[in-house]
Amino acid sequence: MTAGRHVGHPLRVAGRGRTALVDDEEYLRGLVEAVLFTRPGERVNRPDFGSGVDRLVFAPAGDELAHATRALVHGALQRWLGDLLQVDTVTVEARDAQLRVTVSYLPLVGGAVVGERRSLTVQGGAP
């Protein structure tokens, strides 16, 4: 990842009718969200991309679900974004039909950690 501006994800138009650009932090956050929210098989040209974490939302809550989710998220991020970030921790909370995943990561440039630890929390499930 180079320092500077990147095309925003999802693709959108900025105020002046041009493609929206984002900074490194927002770009990396968008990539993490893309991995977490994409189901394997969803992308035609890259059918194995994604984490599949959405399949676990309705699984019975418990320690097994938390461990499986943690491993699934960590593995997917390492596989698809391992050259851009270092996964620090993945914490999972499963209550009733809600699944909450928090990922802490460090941005990488050329294999070296640059910048501060960042976190992203996503949740889903039945209301």
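Examine the stretch 67-85 for a residue that is assigned to a strand (DSSP E or B) and either under 16 Å from the mean Cα position of the chain (by Cα) or of a type in the set (S, T, N, Q) (or both), and state whether such a residue exists.
yes
In the stretch 53-67, how many residues are crowded, with 16+ Cβ neighbours inside 10 Å and either of a type in the set (Phe, Trp, Tyr) or at pLDDT 80 or above (or both)?
2
Could you run through the stretch 39-58 and say how many residues are β-branched (Val, Ile, Thr) and closer than 16 Å to LEU99 by Cβ?
Here is the first cut: in the stretch 39-58, the ones β-branched (Val, Ile, Thr) are 44, 53, 57.
Okay, now just the ones that are also closer than 16 Å to LEU99 by Cβ, so 53, 57.
Of the residues in the stretch 39-58, 2 are β-branched (Val, Ile, Thr) and closer than 16 Å to LEU99 by Cβ.
Out of the stretch 30-47, which residues are under 25 Å from SER104 (Cβ atoms) and among the acidic types (Asp, Glu)? Step through it out loud before you land on a result.
Pass one, the stretch 30-47, residues under 25 Å from SER104 (Cβ atoms): 30-40.
If the condition is that a residue be under 25 Å from SER104 (Cβ atoms) and among the acidic types (Asp, Glu), then GLU33 is the only one that fits.
Could you please tell me which pairs satisfy a Cβ distance under 6 Å, a separation of 6+ or placement on different chains, a first residue in the stretch 99-126 that is more than 16 Å from HIS74 (Cβ to Cβ) and among the hydrophobic types (A, V, I, L, M, F, W, C), and a second residue that is modelled with pLDDT under 85 and surrounded by fewer than 16 Cβ atoms within 10 Å (Cβ to Cβ)?
Going by the 6 Å Cβ cut-off, the qualifying pairs are ALA126/ALA97.
Residues that are under 12 Å from VAL32 (Cβ atoms), at pLDDT 90 or above and either among the β-branched types (Val, Ile, Thr) or assigned to a loop (DSSP other than H, G, I, E, B) (or both): does the stretch 119-127 have at least one?
No, every residue in the stretch 119-127 fails to be under 12 Å from VAL32 (Cβ atoms), at pLDDT 90 or above and either among the β-branched types (Val, Ile, Thr) or assigned to a loop (DSSP other than H, G, I, E, B) (or both).
Is it the case that the stretch 22-41 has a residue that's part of a strand (DSSP E or B), at negative phi and out of contact with any Phe, Trp or Tyr (no Cβ under 6 Å at 6 or more places or on another chain)?
Among the residues of the stretch 22-41, at least one is part of a strand (DSSP E or B), at negative phi and out of contact with any Phe, Trp or Tyr (no Cβ under 6 Å at 6 or more places or on another chain), which makes the answer yes.
Looking at (1) part of a loop (DSSP other than H, G, I, E, B); (2) at pLDDT below 90; (3) exposed (fewer than 15 other Cβ atoms within 10 Å of the Cβ); (4) not hydroxyl-bearing (Ser, Thr, Tyr), which one does ARG46 not meet, given that it meets all the others?
All conditions are met except number (2).
Only one of ARG79, ARG95, ARG70 is of a type outside the set (A, V, I, L, M), closer than 18 Å to GLY124 by Cα, surrounded by fewer than 17 Cβ atoms within 10 Å (Cβ to Cβ) and modelled with pLDDT of 85 or more; which? Full working, then the answer.
On the way: ARG79 fails: closer than 18 Å to GLY124 by Cα; ARG95 fails: modelled with pLDDT of 85 or more.
Just one listed residue meets the conditions, ARG70.
The values are calculated or read from the model by the stated rules, or taken from the named source; none is laboratory data. Just so you know, these numbers come straight off a predicted model, no measurement behind them. For neighbour counting, all protein chains shown are included, and Cβ atoms are generated from backbone atoms with ideal geometry for every residue, glycine included.
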